Amino acid sequence: VINAVTKSAEDTRELGTALAAVVGPGDVVLLAGDLGSGKTTFAQGLARGLGVDEQVTSPTFVLMRSYTGRVELFHVDAYRFDQLQEIIDLGLPEVLDDGGVAMIEWGDVVAPALPADFLEVRLEYRESDDERAVQLRSVGTPWAARRTALQRSVERWCI
Ligand SMILES: Nc1ncnc2c1ncn2[C@@H]1O[C@H](COP(=O)(O)OP(=O)(O)O)[C@@H](O)[C@H]1O
Ligand SMILES: [Mg+2]
């Protein structure tokens, strides 16, 4: 687990952008944390880092939005999903096979329907209003191989 801290929303965006250096085709990034902890904010930064120029907004009411950057980027908000089947119906495995990248908010709930390899980004409130603790945890062999690169990319925010 890598422990980082951000000090503002823009700081969290920049962390997401920095992480794009180690994210590529077929990757899943799970965004965990309470409402308002900064999952969408982080997703905006990651999208920017993946070359998406379009504004990234919360997909809460549409379940999934897609963007084109260096890769096809899919942004899912599973908050409103009440059945696992709904996320299965999104066809994420196919999208990932085709080289897409998925960012999934509220990842805990949907984890059983997802590929076995992923990077989890968990955001938590800290005492100061504009600070967030950001825990990065990777699961699976493809991520283990990128461990050093991952650590380097977020060094600036590490505590
Ligand atoms: N360090 C920080 N990182 C991320 N967001 C922050 C931070 N400090 C304050 N904020 C604010 O918290 C809110 C996070 O909202 P959002 O990213 O939509 O959260 P979520 O998607 O987890 O519900 C935004 O209003 C943002 O400006
Ligand atoms: Mg959100």
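The numbers here are math on the coordinates, done by the rules we state, and not lab data. All of these numbers come straight from a predicted model, not from anything done at the bench. Ideal geometry is used to build each Cβ from the backbone, glycine not excepted, and the neighbour counts take in all protein chains shown.
For the range 68-153, GluC sites (Glu not before Pro) are listed when DSSP marks them as loop and at most 10 other Cβ atoms sit within 10 Å of their Cβ; the list is Glu127.
Between amide H atoms placed 1.01 Å from N, distances below 5 Å from Glu120 occur with Leu30, Arg137, Ser138, Val139, all of them 5 or more places distant or on a separate chain. Taking the helices alone, the chain has a mean residue ellipticity at 222 nm of -7500 deg cm²/dmol, built from -39,500 (n - 2.57) per DSSP H run of at least 4 residues and averaged over all its residues. For the pair Ala9 and Gln83, label points projected 7 Å from Cα toward Cβ lie 3.5 nm apart. Using a/c under 1.5 as the rounded threshold, could you call the range 47-114 rounded, prolate or oblate? The axes a ≥ b ≥ c are square roots of the C-alpha gyration tensor eigenvalues, and prolate needs a/b larger than b/c, oblate otherwise. Oblate, because a/c is 1.5 or more while a/b does not exceed b/c. Label sites at Ile159 and Glu127, each approximated as a point 7 angstrom past Cα along Cα to Cβ, lie 1.0 nm apart.
Where both bridge residues fall in the range 16-131, DSSP classifies roughly 30% of the beta bridges as antiparallel. For Glu131, the amide hydrogen comes within under 5 Å of the amide hydrogens of Arg126, counting only partners 5 or more places away or on other chains and with H modelled in the peptide plane. Oblate is the label for the range 83-159. Its Cα gyration tensor axes, ordered a ≥ b ≥ c, give a/c of at least 1.5 and b/c at or above a/b.
Computed over every Cα-Cα pair of the chain and binned at 10 Å starting from 0, the pair-distance distribution P(r) comes out as 11, 45, 37, 7, 0 percent.
Whole-Hz Karplus values for the range 49-58 come out as x, 8, x, 7, 8, 4, 5, 9, 10, 4 Hz, taken residue by residue from phi with 6.51 cos²θ - 1.76 cosθ + 1.60 and θ = phi - 60°; glycine and proline positions read x. Take the Cα of Ala144, step 7 Å toward its Cβ, do the same at Asp98, and the gap between the two points is 3.1 nm.
Taking Ser37, Ser58, Ser128 in turn, the Gaussian network model of the chain (Cα-Cα springs below 10 Å) assigns the largest fluctuation to Ser128. Residue-wise HN-Hα couplings along the range 153-159, as the Karplus relation 6.51 cos²θ - 1.76 cosθ + 1.60 with θ = phi - 60° gives them from phi, are 5, 10, 3, 4, 9, 6, 10 Hz; Gly and Pro carry x.
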